[in-house]
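Colleague: One structure follows; several queries about it will come next.
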Amino acid sequence: MKNSTLVKGTAAIAVGAALLLGGGGTLAAWNDQATAAPGSIVSGDLKVGLNSAPGVWTDRSGTDITSKIKDGTYLVVPGDLLTFKQDLDVTLTGAKMAANITASGANATNGFVGDSVTVSAPTLTVGADPVANPLTTSKKVTATITFAFKSTTTDRVDVNKTYNFNNVQFTLSQVLPAGA
């Protein structure tokens, strides 16, 4: 008798499991799906580089003395004012792109006495206007450095000296634009 009850109980469990697993009824649930096509995200660009034209040195009168500076044949004298200009290509592309441009360096190896020479920090302009950071579009920026050998230099101060500008670095740093 016990075996008969055990067999009937096992058979009932097996039939119930088969019905549930076989889709025989009560576990039905609806489902559906839809597919979206969100598209592709493409990044912009931020870049600063030297313009293809090399930088230019001029004297007080505006005469190009670049080749003489490069080959060492231009010998500065008290009262000289020399200007170096380098054009930079700034690339800014992208939604809400904004960046600040700065110049640093001219970490000079200076053989001149400090009182006889004045060297400006690099200044940055767009056309004739000072750079207004942040920049929001691609443009040409001009970096300018001036070297003044003071006319008040006396005696034989700074005869046969060298002022080496080494490297001037231009940095473009992305910033969050106003209202972004």
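The values are calculated or read from the model by the stated rules, or taken from the named source; none is laboratory data. Note that the coordinates shown come from a computational prediction; the quantities given were computed from them, not determined experimentally. Note that we place each Cβ from the backbone using ideal geometry, even for glycine, and neighbour counts take in every protein chain shown. Calculation scope for accessible area: heavy atoms of the full protein, side chains included, ligands and nucleic acids excluded. Shrake-Rupley method; radii C 1.70, N 1.55, O 1.52, S 1.80 Å.
Colleague: Starting from the amide H of residue 74, placed 1.01 Å from N in the peptide plane, find each other amide H under 5 Å away whose residue is 5 or more places distant or on another chain.
Modeller: 69
Colleague: Let me ask something else. Which is farthest toward the positive dipole end of segment 65-180 among 148, 131, 176, measuring Cα position about the Cα centre, with Cβ charges +1 (Lys, Arg) and -1 (Asp, Glu)?
Modeller: Sorting the options by dipole projection puts first 176.
Colleague: Where does the charge balance sit around residue 76 when Lys and Arg score +1, Asp and Glu -1, over other residues with C-beta under 12 Å from its C-beta?
Modeller: Computed value for this residue: +1.
Colleague: Oh, and also: Please list 139-148, 45-54 highest first by mean number of surrounding beta-carbon atoms within 10 Å per residue.
Modeller: 139-148, 45-54
Colleague: What does the accessible area of residue 69 come to, in Å² to the nearest 10, when a probe of 1.4 Å is used?
Modeller: 50
Colleague: Per-residue HN-Hα couplings for segment 38-46, Karplus 6.51 cos²θ - 1.76 cosθ + 1.60 at θ = phi - 60°, whole Hz, x for Gly and Pro?
Modeller: x, x, 10, 9, 10, 7, x, 8, 9
Colleague: Further question on the same structure: Please turn the phi angles of segment 124-134 into ³J(HN,Hα) values with the Karplus equation 6.51 cos²θ - 1.76 cosθ + 1.60 (θ = phi - 60°), one per residue in order, whole Hz, x for glycine and proline.
Modeller: For segment 124-134, the Karplus-derived couplings read 10, 9, 10, x, 9, 9, x, 4, 9, 6, x Hz, x marking Gly and Pro.
Colleague: What whole-number value in Å² describes the accessible area per residue of segment 52-109 for a 1.4 Å probe?
Modeller: 57
Colleague: Less than 14 Å apart at the alpha-carbon level, and either on another chain or at least 8 residues along: which aspartates and glutamates does that give for residue 85?
Modeller: 59, 64
Colleague: How large is the charge dipole for segment 58-180, taken about the Cα centre, if only the Cβ atoms of Lys, Arg (+1) and Asp, Glu (-1) carry charge, to the nearest 20 debye?
Modeller: Using Cβ point charges on Lys, Arg, Asp and Glu, segment 58-180 gives about 220 debye.
Colleague: Go through 139/161; 70/150; 47/161; 68/139 and tell me which ones have a Cα-Cα distance over 32 Å in this structure.
Modeller: Exceeds cut-off: 139/161; 47/161.
Colleague: Dipole size in debye (nearest 20) for segment 36-88 around its Cα centre, Lys and Arg Cβ +1, Asp and Glu Cβ -1?
Modeller: 40
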